[in-house]
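Contents: one structure, followed by commentary.
The values are calculated or read from the model by the stated rules, or taken from the named source; none is laboratory data. Predicted model only: the values in this text are computed from it and were never measured. Don't worry about glycine lacking a Cβ; one is built from the backbone with ideal geometry, like all the others, and counts go over all protein chains shown. The accessibility values were calculated without ligands, DNA or RNA, using every heavy atom of the protein model including side chains. Shrake-Rupley method; radii C 1.70, N 1.55, O 1.52, S 1.80 Å.
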Amino acid sequence: MASGDISVNGRGYRWPRQPVVVICVDGCEPDYITQAISAGAAPFLATLSERGTCLGADCVVPSFTNPNNLSIVTGVPPSVHGICGNYFWDRESGAEVMMNDPKYLRAGTILAAFAAAGAKVAVVTAKDKLRLLLGHKLDGVCFSAEKANQARHATHGIDDVVELVGMALPDVYSAALSEFVFAAGVRLLARDRPDVMYLSTTDYVQHKAAPGTPQANAFYAMMDGYLRELDTMGAVVVLTADHGMNAKTDALGRPSIVYLQDRLDGWYGAQVARVILPITDPYVVHHGALGSFATAYLPARHLADAARRLAELPGVDAVLGREEACERFELPPDRVGDLVILGERLTVLGSSAGKHDLSGLDAPLRSHGGVSEQRVPLIVNRRASDLSENRRWRNFDAFDLALNHLP
């Protein structure tokens, strides 16, 4: 086993002295944990107020899954690693594409770097859309709960995952998908004792249930039990999130939506402007591809007028030009539109009304993407030292916290 400090994307990391498990709990608005502890549903997390470290942190905006997971595992923002959404307009190919191919990744991961240095590394993600990005150039274990039955040693670093975990293969739209991730992490730690492990869940429950509700508390009770097992086995456990979550409805519980493409078409004619919704991915049943961050491409002659008109729409929080948005949110300019539009806390942004299927919603719409979902937890099961009082913590500081700030 090799040892020694490593450097990844300009940041140094000490070699782990015990197993380090970094967990990204998808959609974990901090109040989910607060309410679960208050209800007595998360007794292990409750103990960390005395013996652990609890920090508030900011995630990457757009507050979506792919850019934040890749920020956490690279330790840098999208301006460096390049993944600025789940979905974007590829200017080179002239097509709207999913940003889940490693060819779009511009930086190496902490995971791959530790593995290359001789560490034993394992990655378990809920949805398969993230597996190739998280496992890019990784010589180790990397599989998804969604397709755990397809994991093979030659391609995933492991065989017989379903048998190891002892759970049936879960449905992609279920709380069980996240539980499979936690259970797999516990089994891998017990059997293989990886030096570094990264677990990433799905926000199925958070899209359906507000903090403090029975369904939400049940999810966090489940999670709490697995966290206790990881802690008991001696792992340093860091918990953070890719984004928060908010209701996106009016007072009657109806979705509050601004359809940007319809507005722009009405002002300038069809096919003049192009709206891209970076939340778009193959799993849209629970949010209808509606989030609080959008980007638009328009001819230069319309930019100033469009920015003014869009900013005046009820439910729109801000409209920024590309340069301002990329500076403020640390985004790669070549993968962002001419305008960036942010929805208010209770509002989502759509393209055209006819392009969003909301028939799958069986609960009032909850979603994310804007600044209103930027605050996330950053919790470790050890008392950290040497922390600056003035530091702005980010979710992508998780590995720095685990490896560089514990005695």
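What the table below lists for this structure:
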{"read-out": "Hey, ILE83 among the aliphatic types (A, V, I, L, M) and open to solvent by less than 40 Å² (accessible area, probe 1.4 Å) or not", "value": "yes"}
{"read-out": "Cβ-Cβ under 9 Å pairs, at least 6 apart or on other chains, the range 1-22 side of a type outside the set (Lys, Arg), far side at pLDDT below 95", "value": "GLY12/ASP5; TYR13/ASP5; TRP15/ALA2; TRP15/SER3; TRP15/GLY4; TRP15/ASP5"}
{"read-out": "Answer residue from the range 379-407, given it is buried (at least 19 other Cβ atoms within 10 Å of the Cβ) and touching a Lys or Arg at 6+ places or on another chain (Cβ under 8 Å) and is modelled with the lowest pLDDT among those", "value": "LEU406"}
{"read-out": "Odd one out for SER385 among (1) in contact (Cβ under 8 Å) with a residue 40 or more places away in the chain; (2) out of contact with any Phe, Trp or Tyr (no Cβ under 6 Å at 6 or more places or on another chain); (3) not in a helix (DSSP H, G or I)", "value": "(1)"}
{"read-out": "The range 87-103: number of residues that are touching a residue at least 24 places away in the same chain (Cβ under 8 Å), out of contact with any strand residue (DSSP E or B) (no Cβ under 7 Å at 6 or more places or on another chain) and either in a helix (DSSP H, G or I) or more than 18 Å from PRO333 (Cβ to Cβ) (or both)", "value": "3"}
{"read-out": "Options LEU134, LEU164; residue that is open to solvent by less than 10 Å² (accessible area, probe 1.4 Å), at pLDDT 95 or above and more than 17 Å from CYS28 (Cα to Cα)", "value": "LEU134"}
{"read-out": "Matching residues in the range 202-232 - criterion: being open to solvent by less than 10 Å² (accessible area, probe 1.4 Å), closer than 16 Å to VAL376 by Cβ and not in a helix (DSSP H, G or I)", "value": "THR202, ASP203"}
{"read-out": "Total residues in the range 336-372, condition of a type outside the set (Gly, Ala, Ser), under 22 Å from LEU298 (Cα atoms) and at pLDDT 95 or above", "value": "8"}
{"read-out": "Single match in GLY40, GLY118, GLY56 (criterion: open to solvent by 10 Å² or more (accessible area, probe 1.4 Å), within 22 Å of the chain's Cα centre (by Cα) and either in contact (Cβ under 8 Å) with a residue 40 or more places away in the chain or under 22 Å from TYR226 (Cβ atoms) (or both))", "value": "GLY56"}
{"read-out": "Any chance ILE72 is farther than 17 Å from ALA402 by Cβ and open to solvent by less than 10 Å² (accessible area, probe 1.4 Å)", "value": "no"}
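Let's see how each residue does on (1) farther than 23 Å from VAL237 by Cα; (2) open to solvent by 70 Å² or more (accessible area, probe 1.4 Å); (3) not aromatic (Phe, Trp, Tyr):
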position: THR155; (1), (2), (3): yes, yes, yes
position: LEU169; (1), (2), (3): yes, yes, yes
position: VAL172; (1), (2), (3): yes, no, yes
position: ALA175; (1), (2), (3): no, no, yes
position: SER178; (1), (2), (3): no, no, yes
position: PHE182; (1), (2), (3): no, no, no
position: LEU188; (1), (2), (3): no, no, yes
